[in-house]
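The values are calculated or read from the model by the stated rules, or taken from the named source; none is laboratory data. In this text, all values refer to a predicted model and were calculated from it rather than measured experimentally. Virtual Cβ from ideal backbone geometry, glycine too; neighbours counted across all protein chains shown.
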Amino acid sequence: MASMLPSAHLARSLAVLLLLGAACRPSDEYVGPLVPASGDGTAEIAVHVDRVAFDPGSGSPVVLLAEDGGSRVLPILIPVAAAHSIASEMSRITPMRPNTHDLAKSLLDRLEGRVERIVVTELRSGTFYAVIVVGVDGRQMQVDARPSDAIAIALRAKAPLFVLEAVFEQAGEDPEMDGEEVRADARAPAARQCATPPATAAGTRAPRATVCAACA
């Protein structure tokens, strides 16, 4: 009977996958692509969170991922709660009670898991997708995640952020995006909610900060 029980390593790996899946899986249960190893547009471009702001057009929170050592910027509309979570971590503000991203990081630490990097892997039908690459017991696992959750967890884990070259090419760039910066203690007006933008023609650049992450 004892031989049928999973090993401690396997149990820990399964626990890490379950906790991250519960914290990060989108509502439509889509399982995103694994990070491609080669091919056109599959280079992972290092980025950092430039800032979190309110888009002046829609009033929705936007996280701006800026290319390290470059000029490209990827704007992604995100939910208000995620914007506050990211802004709090960037401002080094510790909440009175842990939020979902704090909890995910604490559980990873207890289970001896490590966030190695996060990658924004795809832009499809106006929705961004990402993966969290986790190391557990010498193995790498990739967990599908909303970009906002992946970014919030990566910041807490001090893990690097990447965007696939193909995503930059498809979404376009807008280094001049302006907007009111989100403070960790700010409250967004009631009208500032994530909304699906108008569809854009295939192959065209996305309008400034209008590519919605479907509440990424």
Qualifying residues in segment 98-129 (those that are out of contact with any helix residue (DSSP H, G or I) (no Cβ under 6 Å at 6 or more places or on another chain) and of a type in the set (A, V, I, L, M)) - the one surrounded by the most Cβ atoms within 10 Å (Cβ to Cβ)
VAL119
Tell me, yes or no, whether segment 86-96 has at least one residue that is hydroxyl-bearing (Ser, Thr, Tyr), in contact (Cβ under 8 Å) with a residue 12 or more places away in the chain and farther than 16 Å from VAL163 by Cα.
yes
Within segment 130-139, residues at pLDDT below 90 and outside any loop (DSSP other than H, G, I, E, B) come out as VAL136, ARG139
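Among the residues of segment 115-129, which ones are in a strand (DSSP E or B) and either within 11 Å of VAL167 (Cα to Cα) or of a type outside the set (A, V, I, L, M, F, W, C) (or both)?
Of segment 115-129, the ones in a strand (DSSP E or B) are 115-124, 127-129.
Across segment 115-129, the qualifying residues are GLU116, ARG117, VAL119, VAL120, THR121, GLU122, LEU123, ARG124, THR127, PHE128, TYR129.
Considering only segment 104-114, I want to know if a residue exists there that is assigned to a strand (DSSP E or B) and at pLDDT below 90.
Narrowing segment 104-114 to residues assigned to a strand (DSSP E or B): 113-114.
Still in the running and at pLDDT below 90: 113.
Yes, that holds for at least one residue.
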So which residues in segment 90-101 are modelled with pLDDT of 85 or more and either of a type in the set (Gly, Ala, Ser) or in contact with an Asp or Glu (Cβ under 9 Å, 6 or more places away or on another chain) (or both)?
SER91, THR100, HIS101
Any residue in segment 83-91 that is surrounded by fewer than 21 Cβ atoms within 10 Å (Cβ to Cβ), under 16 Å from ALA150 (Cβ atoms) and either in contact with a strand residue (DSSP E or B) (Cβ under 7 Å, 6 or more places away or on another chain) or not small (Gly, Ala, Ser) (or both)?
yes
Would you confirm, using the coordinates I've provided, whether VAL133 is in contact (Cβ under 8 Å) with a residue 12 or more places away in the chain and either under 19 Å from LEU64 (Cβ atoms) or touching a helix residue (DSSP H, G or I) at 6+ places or on another chain (Cβ under 7 Å) (or both)?
no
